[in-house]
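Input: a single structure, listed below in structure tokens.
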Amino acid sequence: MQLRQVEIFALRMRLRHPFETSFGREDDREFLLVRAETDDFTGWGEVTVSRDPFYCYETVATAQSVLHDYLVPWALKAPIIHPDDLQERLAQVRGHQMAKAGLEGAVWDIHAQELGLPLSRALGGTRQEIEVGISIGIEPTEALLLKQVERFLGEGYRRFKIKIKPGVDYDRLKAVRREFGQIPMMADANSAYTLEDLPLLQRLDELDLMMIEQPLSYDDIIDHATLQRQLKTPICLDESIHGPEDLRKAISLGSGRILNIKIGRLGGLTQSLRSHNLCQGAGWPVWCGGMLESGVGRLHNVAITTLPGFTLPGDTAASSRYWQEDIIEPEVIVSPKGTIQVPDGPGLGHKVREDMVRSMAHAHWTLRR
Ligand code: OSB
Ligand code: MG
């Protein structure tokens, strides 16, 4: 394919319910969309950054700048035979995984359309429907947390991820166990603990969690290995894995036993596929994480979850869990049995509401060949 134009849109979308983690609270999602076109097709990708560098160093501003000054010009300058080739062309820029992933996502969408396939099939996925769970933020009180769990249990979600931070951890999780019994439950600490918290983390073993996600530092795989040797609960890595190379090292150190695959954090679908394959070889189950995506990123998440190594329910909840109105049509819906039907149209398989995107965008850049 030869791209002839790439547009970058800066969006701000109000969340229906504020989302709080150990690193901060989001009321609005601020992120970028990438729209790429060839003579025949249009593709969409989402840059899953936030306004602030709290989850990772990338932000809306860094991604916009790197896309505009480097990544998009490089993508435009010559034909792209396969999306995998783009990876290499962009490699001179170190890091900036989310910026790369947003652009590559649009290219994968076009590639799938050129093949006449749904993105899931172009990636090699086979499932017709995927099982999903829900990620619940740190609620102001235990009672409010229990209400959230009750609501999402009623909606059919298959796995409950509860955010924790020091002081808002064991008792909250214990309360959920007391109230709802042996539901599939896990915790996500977003790097809020250190090895000094070993006694507390070991106490969580009592609660039969499916896993604990990223308990230690955002850039660590050494202490996680030390911790994993002293925990029964599997550790799932999120923040500290930015691609297959980090993953290879984490597997060899035993820094965990499960990987949260976020397409943005891993630098795109190609790197996510490679990470998935490495995990399969190592016997690590994977699942698809989320960054509170709009419909565009959400459909990419649905597509990758159809690969065989995704054996645990992910964080890809329904559009309506986040948004009053999503930017795709139809929206992503979750069935009462906690599943999402995989689209069977070419590419993303749902229409992107382009007029809505254009009118909502508070900034917009166009680059041409
Ligand atoms: O750590 O997985 C995380 C949201 C923003 C930043 C980090 C994380 C999350 C979530 C939400 O857990 C997942 C979702 O519902 O999209
Ligand atoms: Mg996480």
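The values are calculated or read from the model by the stated rules, or taken from the named source; none is laboratory data. What you see is a predicted model; the values in this text were computed from it and never measured. All Cβ positions, glycine included, derive from the backbone under ideal geometry; neighbour counts span all protein chains shown. The accessibility values were calculated without ligands, DNA or RNA, using every heavy atom of the protein model including side chains. Shrake-Rupley method; radii C 1.70, N 1.55, O 1.52, S 1.80 Å.
In region 1-27, how many residues are away from ligand 2 (no atom under 16 Å from the Cβ) and either crowded, with 17+ Cβ neighbours inside 10 Å or within 17 Å of the chain's Cα centre (by Cα) (or both)?
Final tally of qualifying residues: 10.
Residues in region 72-113 that are surrounded by fewer than 15 Cβ atoms within 10 Å (Cβ to Cβ) and either within 17 Å of residue 39 (Cα to Cα) or touching a residue at least 24 places away in the same chain (Cβ under 8 Å) (or both): 73, 77, 78, 79, 81, 82. Examine region 287-303 for a residue that is away from ligand 1 (no atom under 16 Å from the Cβ), open to solvent by 10 Å² or more (accessible area, probe 1.4 Å), closer than 21 Å to residue 187 by Cα and touching a residue at least 12 places away in the same chain (Cβ under 8 Å), and state whether such a residue exists. No - not one qualifying residue is present in region 287-303.
Entry remark, region 321-352: residues being open to solvent by 10 Å² or more (accessible area, probe 1.4 Å), touching a residue at least 60 places away in the same chain (Cβ under 8 Å) and assigned to a strand (DSSP E or B) number 2 in total. What about residue 195, is it open to solvent by 10 Å² or more (accessible area, probe 1.4 Å), away from ligand 2 (no atom under 15 Å from the Cβ), free of Cβ contacts under 8 Å to residues at least 40 places away in the same chain and in contact with an Asp or Glu (Cβ under 7 Å, 6 or more places away or on another chain)? So residue 195 fits the description; yes. Any chance region 358-369 includes a residue that's open to solvent by less than 10 Å² (accessible area, probe 1.4 Å) and either outside any loop (DSSP other than H, G, I, E, B) or out of contact with any strand residue (DSSP E or B) (no Cβ under 9 Å at 6 or more places or on another chain) (or both)? Taking every residue of region 358-369 in turn, none turns out to be open to solvent by less than 10 Å² (accessible area, probe 1.4 Å) and either outside any loop (DSSP other than H, G, I, E, B) or out of contact with any strand residue (DSSP E or B) (no Cβ under 9 Å at 6 or more places or on another chain) (or both). Report the residue count in region 128-143 for those that are open to solvent by less than 20 Å² (accessible area, probe 1.4 Å) and over 15 Å from residue 172 (Cα atoms). Looking only at that region, the number is 4. Only helices (runs of 4 or more DSSP H) whose full extent lies in region 90-207 are considered here, and the ones with at least 3 residues that are within 19 Å of the chain's Cα centre (by Cα) and within 16 Å of ligand 1 (Cβ to nearest atom) are 97-115. I'm trying to understand the selection: among the residues of region 28-59, which are outside any loop (DSSP other than H, G, I, E, B), among the hydrophobic types (A, V, I, L, M, F, W, C) and open to solvent by 40 Å² or more (accessible area, probe 1.4 Å)? Of everything in region 28-59, nothing turns out to be outside any loop (DSSP other than H, G, I, E, B), among the hydrophobic types (A, V, I, L, M, F, W, C) and open to solvent by 40 Å² or more (accessible area, probe 1.4 Å).
Scan region 232-243 and report the pairs whose first residue is under 19 Å from residue 194 (Cβ atoms) and whose second residue is within 11 Å of ligand 1 (Cβ to nearest atom) and among the hydroxyl-bearing types (Ser, Thr, Tyr), with Cβ atoms within less than 7 Å and a gap of 6+ or a chain change. Taking only residues 6 or more apart or on different chains, the pairs are 239/191; 239/218; 240/218. Restricting attention to region 144-180, the residues that are free of Cβ contacts under 8 Å to residues at least 24 places away in the same chain and either open to solvent by 30 Å² or more (accessible area, probe 1.4 Å) or not assigned by TED's automatic domain parsing to the domain that holds residue 233 (or both) add up to 6. Among the residues making up region 1-27, a single one is closer than 29 Å to residue 168 by Cα, among the aromatic types (Phe, Trp, Tyr) and either part of a strand (DSSP E or B) or away from ligand 1 (no atom under 13 Å from the Cβ) (or both): 19.
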